[in-house]
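Colleague: Input: one structure, supplied below.
All of the numbers you see were taken from the coordinates with simple rules; none came from a lab. Values in this document were obtained by computation on a predicted structure and should not be read as measured data. Note: ideal-geometry Cβ built from the backbone for every residue, glycine included; neighbour counts use all protein chains shown.
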Amino acid sequence: MMEFSKRAQGVSPSATLAVSTEAKKMQKDGIDVINLSTGEPDFTTPDSIVHAAVKSVESGKASYYTPVGGLPELRQAIAEHVEQDTGRTVLANEVAVTVGAKMGLFETFQALLNDQDEVLVVAPYWVSYEEQVKLAGGVVVPVKPQASNLKTTPEELSQFKTSRTKILVLNSPQNPSGLVYTEEETLAIAKWAVDNKILLIADEIYGKLVYNGTKFTSVMTMSDEIVENTILIDGVSKAYAMTGWRIGYVVASPQIIQKITALQGHMTSNPAAVAQYAALEALTGSQEPVEEMRQSFEGRLNNTYAAMQNVPGFKLENKPDGAFYLFPNVEEAMRLKGFSSSVDFAMALLKEAHVAVVAGEAFGMPGHIRLSYATSQNLLDEAVQRMIEFMK
Ligand SMILES: Cc1ncc(COP(=O)(O)O)c(C=O)c1O
């Protein structure tokens, strides 16, 4: 038997990827599975972005290593993009381009955490935070909001803070719930982090995907002392339908960026050059495709949220304002069908109704399931019908 390192032994495979792998296997076997488990837009990358990438390959520009922290013109474009969105002046040396936002987060935890340092993560939370913190030697302290809107507050965070708390992760718009913190709520939490000398990681990867008039306020719009205490995580994956290209970025003080870049130099070197040229076009070219996709997600959210009210035992308490997920409470549905865990419930949905979803356990909130509505309305309608049938 191979003896793996303690570090590797402690890591669980990504639950979202596991369900989608199983769903793809069933599809390959000819089973008509509707896969609502993955966190990616169904749209292909907009043409102008693809053309820029092809051009960079054909011209030979994309043949070579780029600087580890990213192409200088891309770092500059990211700085200008953030400034345009938030009004905050950002310099290129405050930006690192990473292999997806995921690697940006991984490197940030590696750069900042010592063994047993604690990281506050607000539940329900994205699957990878916990495993990445563990890999950096840290300990995740889940904060389970008591409020029915699933939002935490400074008072609640204070209950979980100890002398070892080093980082707070705030993800808004949130995966998996789709909730969006208001400006006042974000400000209060960011200020709490400053006052308590806890670094804030603001994961704003879904910041451009908000719906029905919701306004998203980035932490970067706030005071100097808040921004200086913040590490912004963002990227092009979700808003530009570019999950496969693997380009994310970190915006932080030059000191943090230098350390992240030093780590990256030994892990991935630069993100793929061709993908960086694609991201450059995404951020500097027309933003119309982003708005078109956003509108499309909004329509699907509204239709699917309404249709899902008819699934027996599913409780959709808070209508999502952002991202592209629904996160119903299925405790009653589990009771009606005789399941004691949402993992078993999700597996039965996959095997019997051929609808792939992710169980809430993966997000630190059992009794729920996550469905992505980043797929066509026809498939979403069919999935809802299948769930209604399943519950009968
Ligand atoms: C909240 C959150 N942060 C970060 C990421 C990582 O994004 P990327 O594909 O750029 O690595 C995801 C992707 O699912 C996410 O949902």
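Colleague: Work through the residues other than Glu22 whose Cβ is under 12 Å from its Cβ and net out their charges, Lys, Arg +1 and Asp, Glu -1.
Modeller: After counting each charged neighbour, the total is +3.
Colleague: Here's another thing I want to ask about it. Whole number please: convex hull volume per residue, Cα atoms of segment 198-315, in Å³. Display every interim value, and only then the final one.
Modeller: Details: hull volume 20.4 nm³, N = 118.
Each residue corresponds to 173 Å³ of Cα convex hull volume.
Colleague: Let me ask another. What whole-number distance in Å separates the alpha-carbon centres of segment 7-36 and segment 92-159?
Modeller: Here the two parts' Cα centres lie 24 Å apart.
Colleague: Over 17 Å apart: what share of the alpha carbon pairs of segment 247-358 falls there, rounded to a whole percent?
Modeller: It works out to 72 percent of all Cα pairs.
Colleague: Amide H to amide H under 5 Å from Ile231: which residues, 5+ apart in sequence or cross-chain, H placed 1.01 Å off N in plane?
Modeller: Leu200, Ile201, Ala202
Colleague: How do Asp344, Asp117 line up, fewest other C-beta atoms within 10 Å first?
Modeller: The order, fewest Cβ neighbours first, is Asp344, Asp117.
Colleague: Once every DSSP H run of n ≥ 4 in the chain is given -39500 (n - 2.57) and the sum is divided by its residues, what mean residue ellipticity at 222 nm do you get, rounded to the nearest 500 deg cm²/dmol?
Modeller: Numbers: 15 runs with 168 residues, N = 392.
-13000 deg cm²/dmol, from helical runs alone.
Colleague: Relative to the longest principal axis of the chain, what angle (0 to 90°, nearest 10) does the C-alpha long axis of helix 15-28 take?
Modeller: For 15-28 against the chain, the angle is about 60 degrees.
Colleague: Return the loop-located trypsin sites (Lys or Arg not before Pro) in segment 174-230 (DSSP other than H, G, I, E, B) with at most 12 other Cβ atoms within 10 Å of their own Cβ; answer none if there are none.
Modeller: Those that pass, being in a loop and sparsely packed, are Lys197, Lys215.
Colleague: Residue by residue through segment 81-94, which ³J(HN,Hα) values in whole Hz follow from phi under the Karplus form 6.51 cos²θ - 1.76 cosθ + 1.60 (θ = phi - 60°), with glycine and proline marked x?
Modeller: For segment 81-94, the Karplus-derived couplings read 5, 5, 4, 4, 6, 10, x, 8, 6, 10, 9, 4, 7, 9 Hz, x marking Gly and Pro.
Colleague: So, one more: Sort Glu185, Glu107 so that the residue with the fewest other Cβ atoms within 10 Å of its own Cβ comes first and the one with the most comes last.
Modeller: Glu185, Glu107
Colleague: Just need log10 I(q)/I(0) for segment 48-284 at q = 0.08, 0.16 Å⁻¹, Debye formula, equal scatterers on the alpha-carbon atoms, no solvent, rounded to two decimals.
Modeller: Calculated log10 I(q)/I(0) at the listed q: -0.28, -1.13.
Colleague: Looking at Leu280, Ile31, Phe160, which one has the Cα that reaches farthest to the positive end of the dipole of the chain (charges on Cβ: Lys, Arg +1; Asp, Glu -1)?
Modeller: Highest projection toward the positive end goes to Ile31.
Colleague: Also, I was wondering about something else. Distance in nm between label sites at Asn196 and Thr44, each 7 Å beyond Cα in the beta-carbon direction?
Modeller: A separation of 4.8 nm, rounded to one decimal place.
Colleague: What is segment 48-284's relative contact order, in percent, from Cα pairs under 8 angstrom and six or more apart in sequence?
Modeller: Reported as a whole number, the value is 30 percent.
Colleague: Report the gain in length on full extension from Glu317 to Arg294: 0.36 nm times residue separation, minus Cα-Cα distance, nm rounded to one decimal.
Modeller: 6.0 nm is the gain from fully extending Glu317 to Arg294.
Colleague: If you don't mind, there's one more thing I want to ask. Taking the Cβ of each residue in Leu113, Leu209, Leu336 as the centre, tally the other Cβ atoms inside 10 Å and list the residues starting with the fewest.
Modeller: Leu336, Leu113, Leu209
Colleague: Given the chain, what percent of its DSSP beta bridges are antiparallel, to the nearest 5?
Modeller: Around 45 percent antiparallel, to the nearest 5.
Colleague: Measure nothing fancy, just the Cα-based angle from helix 254-267's long axis to the longest principal axis of the chain, in degrees from 0 to 90, nearest 10.
Modeller: The angle comes out at about 70 degrees.
Colleague: Amide H of Asn35 versus every other amide H placed in the peptide plane: which residues, excluding those fewer than 5 positions away on the same chain, fall under 5 Å?
Modeller: Ala356
Colleague: Now, a different point. How much length is gained on full extension from Lys144 to Ser340, taking 0.36 nm per residue of separation minus their Cα-Cα distance?
Modeller: 68.5 nm
Colleague: Chymotrypsin sites (Phe, Trp or Tyr not before Pro) within segment 1-84: which are DSSP loop residues with at most 10 other Cβ atoms inside 10 Å?
Modeller: Values: sites: Phe4, Phe43, Tyr64, Tyr65; in loops: Phe4, Phe43, Tyr64, Tyr65.
Loop-located and lightly packed - Phe4, Tyr64, Tyr65.
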